[in-house]
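Here, each number is a calculation from the coordinates, and none is a lab measurement. Predicted, not measured: the structure shown is a model, and the values here were computed from it. Backbone-built Cβ (ideal geometry, glycine too); neighbour counts: all protein chains shown.
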Amino acid sequence: MVGASHGFALVAPASRGLGLAFAQKLLTKTELPVVATARNDCAEVRDRILNGNNMPSNAERRLRLLKVDVKDESTISSMADIIRRDYPDTPLRLALTVPGILHIEKSPSQIDAASALESFQVNALGPLLLMKHLSQFLPAKSAPEFQRTSKTEADGESQLELPSHAVYAMMAARVGSVSDNSSGGWYSYRASKASVFQLAKTFDLYLRSKSGKRALAVALHPGTVRTDFTQDFWKGREMLDPLDSAERLLEFIIGMSPDVEGGRGKCWDWKGEEVYP
């Protein structure tokens with residue numbers, strides 16, 4: 001396993017769908033330690049991640065599965081304590097925060113207060129609290145650059161060419177874009193996901209001051225991914241396999257420049273095209 005100076009990767013949550021795919025890709029396409037989270041059944045989720053294709057022999061040793069519920073800040077705080085204890089002096093190099101829940105309202109009369117509150121707790125407050133507790137692990141301006149990795153083959157997978165800076169990514173959604181909204185509906189999901197555009201911009205402005213070119217923040221739109229989350233909307237849509245979407249997004253974010261003009265603080269889709277707020 002690589003040394004502490006190379007950093008660690010984090011996926012929260014990684015229990016299914018895109019989060020699971022991100023964890024598997026980070027294990028197969030990098031040598032970084034991977035911290036992954038799940039709300040329940042951590043042992044089962046760990047097995048699911050490690051059962052991915054082309055999993056390297058050291059994956060089990062590199063993977064750490066922690067129990068986190070983004071609706072319960074104490075579990076996020078506990079995760080941060082464990083990271084600080086078990087990965088001392090190890091900066092966060094790649095973070096993918098992907099909490100999401102969908103309650104569908106086709107008209108205002110279908111809005112339910114409890115369901116709408118849960119949408120904001122998971123889709124907006126969840127990423128906000130993860131950012132709060134994980135920001136301490138991102139490198140400061142004075143931190144040395146990460147060693148760049150070259151694109152090599154290992155255990156049947158080409159390795160990602162990791163940059164010398166950290167990337168903190170949070171999952172937005174195209175339906176959270178106000179300028180792209182032409183069909184309406186999905187009130188609580190749209191509104192809660194719209195907040196992620198603002199969170200990514202605001203956090204990136206903070207990182208420009210704290211980290212300079214050592215770290216950037218970005219929001220992502222994964223496309224319509226074929227998961228349990230989207231199964232009611234598969235018909236007639238261009239669908240992506242979770243592993244395909246995860247790989248495309250990873251390839252894009254590690255290629256981003258930390259310069260102000262490089263796209264940091266914005267939302268980008270799996271094709272590398274900007275999604276405007």
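Before moving on, here are some points about what is shown:
- Unit charges on C-beta of K, R, D, E only; dipole of the chain, Debye: 540
- If R0 is taken as 30 Å, the Cβ-Cβ distance between Ala140 and Arg39 corresponds to a FRET efficiency of 0.45.
- About its Cα centre, segment 1-156 has a charge dipole of approximately 380 debye under the convention of +1 per Lys or Arg Cβ and -1 per Asp or Glu Cβ, with nothing else charged.
- Each part reduced to its alpha carbon centroid, segment 199-227 and segment 95-157 end up 9 Å apart.
- Applying the Karplus relation 6.51 cos²θ - 1.76 cosθ + 1.60 with θ = phi - 60° to segment 187-196 yields 3J(HN,Hα) values of 4, 6, 5, 4, 5, 6, 6, 4, 5, 5 Hz, where x marks Gly and Pro.
- Residue-normalised convex hull volume from the C-alpha trace of segment 71-120: 84 Å³ per residue.
- Remark: segment 96-111, residue by residue, has Karplus-estimated 3J(HN,Hα) of 10, 9, 10, x, x, 9, 10, 10, 8, 10, 7, 9, x, 5, 8, 5 Hz, where x stands for each Gly or Pro and the curve is 6.51 cos²θ - 1.76 cosθ + 1.60 at θ = phi - 60°.
- For the pair Arg85 and Asn51, label points projected 7 Å from Cα toward Cβ lie 3.0 nm apart.
- Here's the picture: charge each Lys and Arg Cβ at +1 and each Asp and Glu Cβ at -1 in the chain, and of Leu129, Ala14, Ser211 the one pushed furthest to the positive end of that dipole is Ser211.
- Residues whose placed amide H lies under 5 Å from that of Ala166, excluding near-sequence neighbours: Ala215, Leu216
- Subtracting the Cα-Cα distance of Ile104 and Glu274 from 0.36 nm times their residue separation leaves 58.6 nm of extension gain.
- Choice from Pro56, Pro108, Pro13 with maximal GNM fluctuation in the chain (Cα, 10 Å cutoff): Pro108
- Using θ = phi - 60° and Karplus 6.51 cos²θ - 1.76 cosθ + 1.60, couplings along segment 158-173 (whole Hz; Gly, Pro as x): 6, 7, 5, 8, 6, x, 8, 10, 8, 10, 10, 10, 10, 8, 9, 6
- Over 27 Å apart at the Cα level, from the set Lys141/Lys266; Lys67/Lys271; Lys25/Lys266; Lys25/Lys271; Lys132/Lys193, are Lys67/Lys271.
- Over the chain, DSSP H runs of length four or greater, each weighted -39,500 (n - 2.57), average out per residue to a 222 nm ellipticity of -10500 deg cm²/dmol.
- In the frame of its principal axes, the chain has Cα extents of 55, 40, 36 Å, reported largest first.
- Under 5 Å, built H, 5+ apart or other chain: amide partners of Leu10: Val35, Leu94, Ala95, Leu96
- Trypsin sites (Lys or Arg not before Pro) within segment 140-208: DSSP coil, no more than 11 neighbouring Cβ in 10 Å: Arg148, Lys151
- Close amide H pairs (under 5 Å, H built 1.01 Å from N) link Gln159 with Thr152, Glu153, Ala154, residues at least 5 positions away or on another chain.
- With a cut-off of 12 Å between beta carbons, the residues surrounding Lys201 carry a summed charge of +2, where Lys and Arg count +1 and Asp and Glu -1.
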